[in-house]
1. Using a ≥ b ≥ c from the Cα gyration tensor of segment 80-182 (square roots of the eigenvalues), is it rounded, prolate or oblate, where a/c under 1.5 gives rounded and otherwise the larger of a/b and b/c decides, a/b for prolate?
2. Karplus couplings for segment 111-126 from phi (6.51 cos²θ - 1.76 cosθ + 1.60, θ = phi - 60°), rounded to Hz, Gly and Pro as x?
3. Using the Karplus curve 6.51 cos²θ - 1.76 cosθ + 1.60 with θ = phi - 60°, what ³J(HN,Hα) values do you get for each residue of segment 142-147, in whole Hz, with x for Gly and Pro?
4. Rounded to the nearest 20 Debye, what is the dipole magnitude of segment 113-156 about its Cα centre when Lys and Arg each give +1 and Asp and Glu each give -1 at the C-beta?
5. Peptides 158-171, 38-51, 127-140: what's the order by average Cβ count within 10 Å, highest mean first?
Amino acid sequence: MGLLDDLLGGLAGQTTSGRPQPQPTEAGAGGSGTSQALMALMPIVLGMLANRGSRNAPGAGGGLADMLGQVLGGGAGRGGATGGLGGLLEQLQRSGFGEQADSWVARAANKPIPPDAMTQIFGRDGLEQISRQAGISQDEASRGLSQLLPEVVDRMTPDGDVPDANALTNSVDDFARRLGLT
C-alpha cells in the first residue's frame, strides 16, 4: 500500500509483511515532518470513515464529529445521506472528484487527488477545523489528506466494494489498533 505501510513500518520498525523497513520519508514533501502530519490526521480520517469524530474531538456529540457529519452528508438538509465512508464518497462525487473516488474503491490503481481539492471537498471551515484538530497547518492538512484519503479508502475497501457499517467499523478499529491509535 505504500504510504500506509511506510507509516506502519515506521511505527513498528518493519512493514506489515514483516520485512525490515527504513524510516518513512515522503520525497519532496518534508520527510519525517510529513509523517508526523499524516499521523496527526490519521485519527480524523479514520473517524470520518467510521462516521464518528476522532477520539480527540470535544464531546461525543459536538465539535469535529458534528462538522464531519455535516460535510459528509450526515447533517440535516443533506437529503438523508449518511456520513462515514459512503458520505465521503458522495461528497467527492458532488465536488467533481468521483473518478478519483471510484478508483480508490476499485481494485485498480488509485488516482491521485490534488491538495487544493480538499477545500472543495470539505469547505474552508471544514478544512480549518480538521487542521486545528490535527494541530497542523491547513496546507499540511490539505497535503496530508490528499495522500491519506486514496490509500485509506483503498485499504478499507479491499474487495472493491464499500463494506457494510459493521464491517467498516471493525476494519477501521483494527487499522487504528495497528497504528497504535487506540
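1. Cα axes put segment 80-182 in the oblate bin.
2. Working through the residues one at a time gives 7, x, 10, x, x, 5, 5, 5, 5, 5, 6, 9, x, 4, 5, x Hz.
3. Karplus values, whole Hz, x for Gly and Pro: 4, 5, x, 4, 5, 8.
4. On the way: 4 positive and 7 negative charges, 15 e Å.
Its charge dipole is roughly 80 debye.
5. Working: 158-171: 13.2, 38-51: 23.5, 127-140: 18.9.
Ranked by mean Cβ neighbours within 10 Å, highest first: 38-51, 127-140, 158-171.
Values quoted throughout were computed directly from the atomic coordinates according to the rules given, and no laboratory measurement underlies them. This structure is a prediction, so every number in the text was calculated from the model and none was measured. Note that each Cβ is placed from the backbone with ideal geometry, even for glycine, and that neighbours are counted across all protein chains shown.
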